[in-house]
Amino acid sequence: MGDGYPQVRMFGQSSRRNPRTWLLAGVAVVALVIGLWFGGHPSWLPGPLQNVFVSQSSQEQLINEVYGLLQRDYYRPVTKADLLNKGLAGAVASLGDPYSHYFDPADYHAFESESNPHLSGVGIDVITEPQGLRIVDVFPGSPAARSGLNRGDLITGVGATSLAGRSASFSASLIKGRSGTRVTLTVKSGHHQRFVSLLRADITIPVASGHVLTYKGHKLGVVQLTSFTAGSGSELRAQVDKVLKAGAQGLILDLRENGGGLLEEGVNVASIFIPDGTIVTTDGRSQPRQVYMAKGGAVPTKIPLVVLVDHGTASAAEIVTGALQDRGRAKVVGTHTYGKGVFQEIQPLPNGGALDFTVGEYFTPSGRNLGGGGIRRGAGISPNIYASTNLHAKDDTALRVAERTVAASLQ
């Protein structure tokens, strides 16, 4: 599935080359030649087929005529590629689906780069607010950490540019930059404002992290997962094993502000804690209903578990949360999750762009769909214990509730 807009991905199908494939390919070529011939000589066809070819030919002729008129007579120069990209984007937008998008070649390249953990920047995770960017996490050892930036700080400007009312992508583009270059941020901590100069660096974004804390004499392991990218299940498992080896008696899985990602990684993550049985079921118009089962090798179920969520917990993160809640494996602490009940598939296109579009719905083990029916946003998952996170506060109040909940299971 970032969020930012939320997303769940499924991999496309691949086929092996074999004699039957080559035979079918040959038939397809012959059919194409025949089609082209009859397309230019529709009068040779029977009536019903004549209508099909004439209709298709007329539509193509209309599109080409519009392109030609715009290229020739529009008041400023336009290219056919630009018209095509905008036309495809408009066609997908007409679906009214907030999760389906057409990426032109440049946008698709940028989208793929978002999954690259090696970025040049300052090492912070942020959310957009009217006045700028609120810091929700600072990566250890990063330029931001070394400069004293903290969770809850508000970045209101970059250089001489105010971030008030700006989009997340615009603001982030100002902060990111080539490693070794400097960027100056205007930062508000409470009522105090200061200017911070940071030296950008190549940052490896930690998809999964973990640490051990002590709550009333009990060692608890807190593991956080920020997205469901390729390999994130294995990365989280390594963090879970690390905190358990360090003596953690209970676990907290922090999925706050996790907008989702790959469906397969959602199954991998849930399988860390659920030993067997159903994780999620998917169903689509062109895809058969499929039940995804736990893969085995889970940590002992006697280890108590709490899942920490908020309104930014979406798609694959909701799949994991729903499975853990439905199977009685964990208590959910936080607020209602995002409420996304559909998943998407990305299909690369011959022009270097891609179509990211909704292909089906998913259901938790109890049969719940978390959306509002189709592509509408729904109520999401209701927490067992409500706890809100105040990003303006230095103390993580929701985490404190999660700690208390896990520790209560160890009494």
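When segment 258-317 is filtered for residues that are among the β-branched types (Val, Ile, Thr) and more than 25 Å from His336 (Cβ to Cβ), the ones remaining, listed by number, are Val291, Val299, Thr301, Ile303.
So, Thr358, is that one under 30 Å from Lys216 (Cα atoms), among the polar types (S, T, N, Q) and not in a loop (DSSP other than H, G, I, E, B) or not?
Numbers: under 30 Å from Lys216 (Cα atoms): no; among the polar types (S, T, N, Q): yes; not in a loop (DSSP other than H, G, I, E, B): yes.
So Thr358 does not fit the description; no.
Residues that are in contact with a helix residue (DSSP H, G or I) (Cβ under 6 Å, 6 or more places away or on another chain) and of a type in the set (Ser, Thr, Tyr) occur at least once in segment 218-241. State which residue pairs qualify: first residue under 27 Å from Gly371 (Cα atoms) and inside segment 97-111, second residue among the acidic types (Asp, Glu) in any location, beta carbons under 7 Å apart, and separation of 6 or more residues or different chains. Once the first residue is under 27 Å from Gly371 (Cα atoms) and sits in segment 97-111, its partners that are among the acidic types (Asp, Glu) give Ser100/Asp356; His101/Asp356; Phe103/Asp356. Across segment 166-203, the number of residues qualifying as closer than 17 Å to Gln131 by Cα, assigned to a loop (DSSP other than H, G, I, E, B) and open to solvent by less than 70 Å² (accessible area, probe 1.4 Å) comes to 2.
Give me the residue from segment 338-355 that is within 19 Å of the chain's Cα centre (by Cα) and open to solvent by 30 Å² or more (accessible area, probe 1.4 Å) and, out of that set, nearest to Gly373 (Cα to Cα).
The initial filter retains those residues of segment 338-355 that are within 19 Å of the chain's Cα centre (by Cα), namely 338-348, 353-355.
Right, trim to open to solvent by 30 Å² or more (accessible area, probe 1.4 Å) and you get 338, 346-348, 355.
Values: Tyr338: 14, Ile346: 22, Gln347: 24, Pro348: 28, Leu355: 22 Å.
Selected residue: Tyr338.
Scanning segment 263-286 for residues that are open to solvent by 30 Å² or more (accessible area, probe 1.4 Å) and within 15 Å of the chain's Cα centre (by Cα) yields a total of 1.
The strands (runs of 3 or more DSSP E) falling completely within segment 206-298 that include 3 or more residues that are within 22 Å of Ser315 (Cα to Cα) map to 218-225, 250-254, 260-262, 278-283, 290-293.
Would you say Gln249 is more than 29 Å from Gln411 (Cα to Cα) and open to solvent by 20 Å² or more (accessible area, probe 1.4 Å)? Criteria not met by Gln249. Taken over segment 108-124, the residue count meeting the criterion of being modelled with pLDDT of 85 or more and either touching an Asp or Glu at 6+ places or on another chain (Cβ under 8 Å) or of a type in the set (D, E, K, R) (or both) is 1.
Considering Ser388, Ser366, which residue is assigned to a loop (DSSP other than H, G, I, E, B), modelled with pLDDT under 95 and open to solvent by 20 Å² or more (accessible area, probe 1.4 Å)? Write out each step before concluding.
Numbers: Ser366 fails: modelled with pLDDT under 95.
So the residue among Ser388, Ser366 that is assigned to a loop (DSSP other than H, G, I, E, B), modelled with pLDDT under 95 and open to solvent by 20 Å² or more (accessible area, probe 1.4 Å) is Ser388.
Residue-wise test of (1) surrounded by fewer than 20 Cβ atoms within 10 Å (Cβ to Cβ); (2) under 26 Å from Val240 (Cβ atoms).
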| position | (1), (2) |
| --- | --- |
| Met293 | yes, yes |
| Thr301 | yes, yes |
| Leu308 | no, yes |
| His311 | yes, yes |
| Phe357 | yes, no |
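The set of residues from segment 369-385 being within 13 Å of His336 (Cβ to Cβ), modelled with pLDDT under 95 and not small (Gly, Ala, Ser) comprises Leu370, Arg377. Counting only residues that are part of a loop (DSSP other than H, G, I, E, B) and at pLDDT 95 or above, which one in segment 315-337 is nearest to the chain's Cα centre (by Cα)? Only one residue tops the list, namely Thr337.
Evaluating Val306 against the criteria (1) assigned to a strand (DSSP E or B); (2) under 30 Å from Pro98 (Cβ atoms) leaves one unmet condition, (2).
Just for segment 391-411: of the residues that are of a type outside the set (A, V, I, L, M, F, W, C) and assigned to a loop (DSSP other than H, G, I, E, B), which one is most open to solvent (accessible area, probe 1.4 Å)?
Gln411
If the condition is being at pLDDT 95 or above and at positive phi, then segment 222-252 contributes only Gly247.
Being among the small types (Gly, Ala, Ser), within 17 Å of Gly353 (Cα to Cα), open to solvent by less than 50 Å² (accessible area, probe 1.4 Å) and modelled with pLDDT of 90 or more: is that true of Gly90 here? Steps first, please.
Working: among the small types (Gly, Ala, Ser): yes; within 17 Å of Gly353 (Cα to Cα): yes; open to solvent by less than 50 Å² (accessible area, probe 1.4 Å): yes; modelled with pLDDT of 90 or more: yes.
So Gly90 passes the test.
Against the condition in contact with a Phe, Trp or Tyr (Cβ under 6 Å, 6 or more places away or on another chain), at pLDDT 85 or above, part of a helix (DSSP H, G or I) and at negative phi, how does Ala81 come out, does it pass? The answer is no for Ala81. Taking residues in segment 341-355 that are part of a loop (DSSP other than H, G, I, E, B), and partners anywhere that are open to solvent by less than 10 Å² (accessible area, probe 1.4 Å), the pairs with Cβ atoms closer than 9 Å and at least 6 places apart or on different chains are Gly341/Ser315; Gly341/Glu318; Gly341/Tyr362; Gly341/Leu370.
The values are calculated or read from the model by the stated rules, or taken from the named source; none is laboratory data. Computed from a prediction, not measured in an experiment: that's the story for all the values here. Don't worry about glycine lacking a Cβ; one is built from the backbone with ideal geometry, like all the others, and counts go over all protein chains shown. Note: areas computed on protein heavy atoms with side chains; ligands, DNA, RNA excluded. Shrake-Rupley method; radii C 1.70, N 1.55, O 1.52, S 1.80 Å.
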